[in-house]
Amino acid sequence: MALKQVSSSKCFGGLQKVFEHDSVELKCKMKFAVYLPPKAETGKCPVLYWLSGLTCTEQNFISKSGYHQAASEHGLVVVAPDTSPRGCNIKGEEDSWDFGTGAGFYVDATEDPWKTNYRMYSYVTKELPQLINDNFPVDPQRMSVFGHSMGGHGALICALKNPGKYKSVSAFAPLCNPVLCRWGKKAFTGYLGTDQSKWEAYDASCLVKSYPGSQLDILIDQGKEDEFLSDGQLLPDNFIAACTEKKIPVVFRLQEGYDHSYYFIATFIADHIRHHAKYLNA
């Protein structure tokens, strides 16, 4: 699988690169960002996957979150894919910001006309890690995942659907119970159809209930002034309740005064990198 380098910039002694490739799962050209810390020059490093939120590309996280210094210090390769297939010319894919382009929701669609291309779950859990393992100095046994908003939902379901695959998981303002929120209902109806039992396979609060108890420490930061929290899109209380019932450790921090933006992410990103490094470098 040929990778084409789009850009490369030195950052905190390492290299922030962007690549393009032809995706088998998504049947289109896809870009992803990868940060190679200084440690990657001399040996294999653990890898941390970041999943972005609605409307984002691979650029938002690498240009706004300020994660590079912590990733460099802890010796982590950090991979940030795009949030949906691009340029598939599907009728309606550009009609709204919360469905279609930039809004893949990290599911494998089963409905026409989306099911051919909109397979972001398989892309981020299978195709992309295989590509990273084959082309970069990473240790495939040491991977973790985190994300923001729709991508926080993505990170949680990736970890919960694959016990033992990820060493740790964290999220910023994740959609914790999408079967019950407007964004989730719209996306799941479009991608997965009207049978709501099928939606539960991509809902963190539902997945927790059947999680087999493989060790998983979850860190979630949530801004208290997040408009989407008060609007009922994120529903973290439902997830915390489900985790408590299953005795799955979750550290949930409600951060006074912070909103849903990258200013919030940038404030706490070093804590999240540290959280993952603890498990990845163990």
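The values are calculated or read from the model by the stated rules, or taken from the named source; none is laboratory data. Source: prediction; values computed, not measured. When we count neighbours, we look across all protein chains shown, and the Cβ atoms used for this are built from the backbone with ideal geometry, even at glycine. Side chains included, ligands, DNA and RNA excluded: accessible areas come from the protein's heavy atoms. Shrake-Rupley method; radii C 1.70, N 1.55, O 1.52, S 1.80 Å.
If you go through segment 207-226 one residue at a time, how many are modelled with pLDDT of 95 or more, within 18 Å of the chain's Cα centre (by Cα) and either of a type in the set (D, E, K, R) or surrounded by fewer than 21 Cβ atoms within 10 Å (Cβ to Cβ) (or both)?
Looking only at that region, the number is 2.
GLY193 - would you say it is touching a residue at least 60 places away in the same chain (Cβ under 8 Å) and over 19 Å from LEU51 (Cβ atoms)?
yes
So which residues in segment 69-87 are open to solvent by less than 30 Å² (accessible area, probe 1.4 Å) and of a type outside the set (A, V, I, L, M)?
SER72, GLY75, PRO81, ASP82, THR83, SER84, PRO85
Given LEU175, LEU156, LEU229, LEU234, which one is in contact with a Gly (Cβ under 9 Å, 6 or more places away or on another chain), over 23 Å from ASP82 (Cα atoms) and not acidic (Asp, Glu)?
The match here is LEU229.
For segment 38-55: of the residues being crowded, with 23+ Cβ neighbours inside 10 Å and not polar (S, T, N, Q), which is farthest from PRO85 (Cα to Cα)?
Taking the candidates together, the pick is CYS45.
Tell me whether segment 152-167 contains one or more residues that are assigned to a strand (DSSP E or B) and either more than 16 Å from HIS260 (Cβ to Cβ) or out of contact with any Leu (no Cβ under 7 Å at 6 or more places or on another chain) (or both).
No: zero hits.
If we keep just the residues of segment 132-150 that are part of a helix (DSSP H, G or I) and open to solvent by less than 10 Å² (accessible area, probe 1.4 Å), which is farthest from LYS39 (Cα to Cα)?
MET150
May I ask you to list the residues in segment 197-250 that are outside any loop (DSSP other than H, G, I, E, B) and β-branched (Val, Ile, Thr)?
Residues satisfying the conditions are VAL208, ILE218, ILE220, ILE240, THR244, VAL250.
Answer yes or no: is there a residue in segment 258-269 that is outside any helix (DSSP H, G or I) and open to solvent by 80 Å² or more (accessible area, probe 1.4 Å).
No, every residue in segment 258-269 fails to be outside any helix (DSSP H, G or I) and open to solvent by 80 Å² or more (accessible area, probe 1.4 Å).
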